Amino acid sequence: AALAAVVVGRKASAATARRAAAVKKKGAKVVHGKEIPWNLFTPKAPYQGKVIENDKHPQTLTEQTGDANWETTHVTFDHGGKVPYIEGQSIGVIAPGPDKKGETPAKIRLYSIASSAVGDNQNSKTVSLCVKRVVELDGKFANREKGEDKPDKAGTAYPENQVYRGVCSNHICDMTPGDEVLITGPTGAEMLLPEDPEANIIMLATGTGIAPMRSYCRLLFHDAAGADSDGGRKFKGVAWLFMGVPYSKSLLYDDEHQEYTSKYPDQFRYDYAVSREQSNAAGQKMYIQTKMAEYAEELWDMMQSPKTHVYMCGLKGMESGMAECFGPIAEKNGLVWAEFAKAMKKADRYHVEVY
């Protein structure tokens with residue numbers, strides 16, 4: 001009888017274990033065997049954070065270029081340690097609205113996180129975003145008729161025009177320390193860093209697509225969390241950033257890139273493509289793929305290593321730039337670029353987040 005009781009007990013506990021395994025842990029997701037934070041807060045139950053002043057960056061990162069949508073901001077939220085995340089993830093922000101469809105509050109907008117997991121001040125209680133203020137003049141949509149547009153926090157106004165201001169981007173760009181913000185997430189597993197400290201990382205960013213790249217670089221080259229006991233860095237590979245912007249006044253985090261290069265010249269490289277100010281030898285506008293083409297052989301050789309990962313974030317259409325840059329060199333090596341990229345994706349070495 002005692003043995004029968006043990007067997008029944010074992011069966012019952014095995015069934016319980018199976019049920020427990022089937023129940024996903026709330027607020028977490030397992031990716032490549034590692035548990036990461038996941039949707040701890042939802043649109044129906046968001047976290048209420050607070051805007052705080054950033055310890056290093058002014059809120060407006062860019063300078064006037066003459067374009068209506070010239071401004072990109074760096075905004076930091078205090079989440080009290082309640083919204084943990086890792087490099088490469090995103091959070092959602094809920095603006096009061098009404099949004100384009102008249103919904104109040106507005107539908108959530110996802111933003112790639114621009115700070116490393118410990119946050120800009122390294123206390124694991126903040127999250128920073130890099131947000132471009134969306135302003136369109138006399139376009140298809142307008143939420144301000146002529147004469148209605150008032151100066152935003154940066155002092156820009158277009159009363160002579162019909163204006164569309166992106167609801168969530170303007171909500172964030174107009175924030176002031178002390179303001180409350182509704183946050184959802186974190187989410188996203190496409191852009192996570194490899195575990196291998198000897199991996200090489202090729203980063204391609206257009207505009208605010210720099211956000212996840214900044215989060216990686218902070219961990220790899222800045223934070224105490226990425227420091228080795230010997231005074232060096234835990235990261236032993238090479239990180240190479242290509243960043244595309246329309247004007248040099250639109251460059252983002254240039255001070256940080258210079259700092260990493262001066263401290264770690266063998267590990268960090270960066271190249272900018274400033275499309276409205278630069279051109280290549282053939283007189284073509286300097287886009288990311290144009291700049292990469294200058295290093296096509298070197299980049300191609302790097303990509304042959306299973307340790308090399310490519311990260312791409314920014315505007316749709318970036319991937320076609322890759323084909324333009326590497327199509328000919330792949331062909332020269334008896335390969336088809338689309339198939340090579342597909343194989344890299346399958347090996348989880350080709351990460352794309354475009355919008």
(request) Over the residues of the stretch 156-306, compute the C-alpha Rg and express it relative to 2.2 N^0.38 Å. (result) 1.26
(request) Considering Cα pairs under 8 angstrom that are at least six residues apart, work out the relative contact order of the stretch 93-154 and quote it in whole percent. (result) 19
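Given R₀ = 30 Å, FRET efficiency for GLU63-LYS236 by Cβ-Cβ distance, to 0.05?
Result of the calculation: an efficiency of 0.25.
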(request) Quote the FRET efficiency, to the nearest 0.05, computed for LYS29 versus ALA157 with a Förster distance R0 of 35 Å and r equal to the Cβ-Cβ distance. (result) 0.20
(message) Please compute the length gained on full extension between LYS285 and ASN39, using 0.36 nm multiplied by the number of residues separating them and subtracting their Cα-Cα distance.
(response) 84.5 nm
(request) Tell me what the chain gives for mean residue ellipticity at 222 nm when only DSSP H runs of n ≥ 4 count, each as -39,500 (n - 2.57), the sum divided by the residue total, rounded to 500 deg cm²/dmol. (result) -7500 deg cm²/dmol
(request) Show me 50-60, 85-95, 185-195 ranked by packing, highest mean number of other Cβ atoms within 10 Å first. (result) 85-95, 185-195, 50-60
(request) Could you give log10 I(q)/I(0) at q = 0.13, 0.14 Å⁻¹ for the chain, computed by the Debye formula over C-alpha point scatterers of equal weight, without solvent? (result) -1.09, -1.23
(request) Under 15 Å from a label point 7 Å along Cα→Cβ of LEU315: give me every residue in the stretch 200-215 with its amide N that close. (result) 205-210
(request) State the extension gain, in nm to one decimal, for the chain segment bounded by GLU294 and ASP179, taking 0.36 nm per residue of separation less the distance between their alpha-carbons. (result) 36.8 nm
(message) Heavy atoms of the protein only, probe of 1.4 Å, neighbouring chains included. What is the accessible area of GLU298 in Å², nearest 10?
(response) 80
(message) For GLU259, project a label point 7 Å along Cα to C-beta. Then give me every residue of the stretch 118-138 with its amide nitrogen under 19 Å of that point.
(response) 118-131
(message) Run the numbers for GLN48 and GLU198: contour at 0.36 nm per residue of separation, minus the present Cα-Cα distance, in nm.
(response) 50.2 nm
(request) Would you rank VAL83, VAL30, VAL134 by solvent-accessible area, highest first, keeping every protein chain in place and using a 1.4 Å probe? (result) VAL30, VAL134, VAL83
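The values are calculated or read from the model by the stated rules, or taken from the named source; none is laboratory data. Note that the structure is predicted; figures quoted are calculated from it, not measured. Glycine gets a Cβ as well: all are built from the backbone with ideal geometry, and neighbour counts include every protein chain shown. Protein only, heavy atoms only, side chains kept; ligands, DNA and RNA dropped before computing areas. Shrake-Rupley method; radii C 1.70, N 1.55, O 1.52, S 1.80 Å.
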